[in-house]
Structure formats: structure tokens, C-alpha cells
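First up is the structure itself, then whatever we jot down about it.
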Amino acid sequence: MANFVNYTQATTLMNAIAGKFAELGGAYIPKGSVAFANLPATPAASQVGWVYNVTDDFTTDSRFVEGAGKAYSAGTNVVIVPTGETGSEVYKFDTLGNFIDISAIINKINAVEAMITGAFDTATAYTTGDLVTYEDGLYKFTSDKAAGAWDSTKVATTTIVELISAVEPDSLTTEQLNALVAILG
């Protein structure tokens with residue numbers, strides 16, 4: 001029995017090991033893939049650096065640094081970290097990079113593409129609201145224009161981002177719009 005330690009000794013040892021990992025700048029310890037429901041109920045000092053791959057879509061709760069109510073997709077990795085809160089140390093999950101699903105905006109992109117009539121053509125008459133490309137720019141007609149030469153007084157420059165935002169104003173989250181801007185940028 002001399003080789004066994006009791007619970008208090010084991011906890012003290014694990015806390016010391018976790019402290020050493022924290023001193024090293026935070027080593028990650030892969031713990032495998034688990035369903036959200038199977039994450040530790042109360043992250044602890046002895047688990048600092050443990051990384052889990054969550055196998056199902058989930059919404060964060062009070063155990064997360066990000067706060068409750070943030071949606072993440074299956075495949076998101078989470079790590080247990082000390083929060084640095086004053087008083088007794090609190091340990092929580094922190095999400096490690098994930099992707100942003102922009103599939104919800106594909107219809108908007110398609111709608112915007114359908115609105116663009118193509119490159120400006122001197123043989124075509126345009127009506128207010130028509131969209132054309134001209135010399136690497138995207139323009140929206142602000143008034144009707146008869147066929148003929150380009151007339152910059154009848155157009156205003158626009159961007160894909162403005163057009164997508166205008167298709168269904170409240171259907172994009174800020175995160176999705178920022179992801180789209182990054183893709184288009």
C-alpha cells in the first residue's frame with residue numbers, strides 16, 4: 001500500500017502538474033472526440049490544457065469563456081483554461097478556431113448575380129436600379145439611361161457586400177457578413 005496515494009494527494013499532484021503546464025505557456029493535451037453532453041461537467045485545474053473534439057453541433061453554456069448561447073458546429077475543438085477571474089480560480093472551456101458556415105447566404109449570392117446585367121453595353125438602354133460592370137467597377141443606375149456612351153452622372157458605385165446586405169437585410173449575422181467580406185476580399 002505504500003505506493004498508493006489518497007485523493008487529496010492525487011489532487012495536489014494533478015494541480016501541481018497543471019500549474020507546470022500553465023507555466024510552460026499552456027500545453028495542449030488531446031483527450032479525443034466526445035459528444036457535447038460528455039464534456040466534463042465542471043472543468044478543473046487538473047484538466048487545464050485538455051482538448052476535446054466535439055462530435056456534434058452545440059451551443060455554449062456557462063462553462064465557456066465565450067459565454068452561453070454561441071452556436072458551434074460538429075468538429076469544433078475546445079480546451080480547458082484558467083479564466084484569470086479574481087478570487088478563487090475558475091476553469092472553463094474555450095473554443096479553438098472553427099469555421100463559419102456561410103451556406104445560408106448562397107441564395108443571396110445567387111440573387112445578386114442574377115441582378116447584374118453584365119458588362120456595360122453602349123447598345124443597351126438601362127433603367128433605374130440596373131447593375132452593370134464597367135472598367136473593373138460595379139455600378140447601379142440611379143436614373144434611366146438611353147443607349148449610348150457611358151454616363152457617370154447616371155450611376156453610383158456599389159459593392160457585392162452592399163448588394164448582398166440589401167437582398168434580405170436581417171438574414172445575415174455580422175459573423176456571416178464578415179466571413180463573406182473576407183472571402184470576397
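The values are calculated or read from the model by the stated rules, or taken from the named source; none is laboratory data. The model shown is predicted, which means the values in this text are computed figures rather than measured ones. Here the Cβ is made from the backbone with ideal geometry for all residues, glycine too, and neighbour counts use every protein chain on show.
Brief remarks on what is shown
Every residue, every condition in (1) modelled with pLDDT under 90; (2) surrounded by 14 or more Cβ atoms within 10 Å (Cβ to Cβ); (3) of a type in the set (Ser, Thr, Tyr); (4) more than 19 Å from the chain's Cα centre (by Cα), yes or no:
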| position | (1), (2), (3), (4) |
| --- | --- |
| Leu39 | no, yes, no, yes |
| Ser46 | yes, yes, yes, yes |
| Thr55 | no, yes, yes, no |
| Gly75 | yes, no, no, no |
| Thr86 | yes, no, yes, yes |
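- Filtering Thr173, Thr142, Thr157, Thr128 for residues that are surrounded by 12 or more Cβ atoms within 10 Å (Cβ to Cβ) and modelled with pLDDT of 70 or more leaves a single hit, Thr142.
- Residues of region 92-107 classified as surrounded by 11 or more Cβ atoms within 10 Å (Cβ to Cβ) and modelled with pLDDT of 70 or more, total: 5
- Reported count of residues in region 20-37, each being surrounded by 12 or more Cβ atoms within 10 Å (Cβ to Cβ), at pLDDT below 60 and not in a loop (DSSP other than H, G, I, E, B), is 2.
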